[in-house]
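The values are calculated or read from the model by the stated rules, or taken from the named source; none is laboratory data. Treat the numbers as computed from the prediction; the structure is a model and nothing was measured. Backbone-built Cβ (ideal geometry, glycine too); neighbour counts: all protein chains shown.
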Amino acid sequence: MEFFATSPADWSAQSLQPHLTGPRLSAVCASIDRVLHWDNTRDEGEIYCLWGQFEIRRECIREGVRFTLPTCPNAFAWTRTALEDPAPSGAGVLIHATINRTEHDPDFIASIEAFVEDWRAGLARQAVG
């Protein structure tokens, strides 16, 4: 399943990548309660979020950042990529989250939608352009 949102914040890929680091995750996304530890050399660590405690990895990608939860039973991953004019939706940040299921429990789907919304709001709140 896929989930999308667009934050109207004026971010560029150059500002997203250094800002969206592991240690800052809980400051940007309200669904991530805390970063338990982070290894900067490997760009991975462990977080506590609305679904519990998970290993997490960060990867810089073209125009943004991807995070994955490699031990998650649903193979949850999310990307944040900068949209720059003249993109059809205008400037902002595209938030794209995926799980490895075509269907799931409605409560779990609602929690993913809330997670994506927390990212949208957090990016808008902390825009640095």
**OP:** Determine which member of the set 98, 71 is surrounded by fewer than 18 Cβ atoms within 10 Å (Cβ to Cβ), of a type in the set (Val, Ile, Thr) and more than 13 Å from the chain's Cα centre (by Cα).
**Re:** 71
Original post:
Do you know which residues across the stretch 63-112 are modelled with pLDDT under 95, small (Gly, Ala, Ser) and not in a loop (DSSP other than H, G, I, E, B)?
Top reply: 64, 82, 92
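Can we say residue 32 is under 11 Å from the mean Cα position of the chain (by Cα) and at pLDDT 95 or above? So that I can check it myself, show each step before the final result.
Working: under 11 Å from the mean Cα position of the chain (by Cα): yes; at pLDDT 95 or above: yes.
Here the answer is yes, as residue 32 does meet what is asked.
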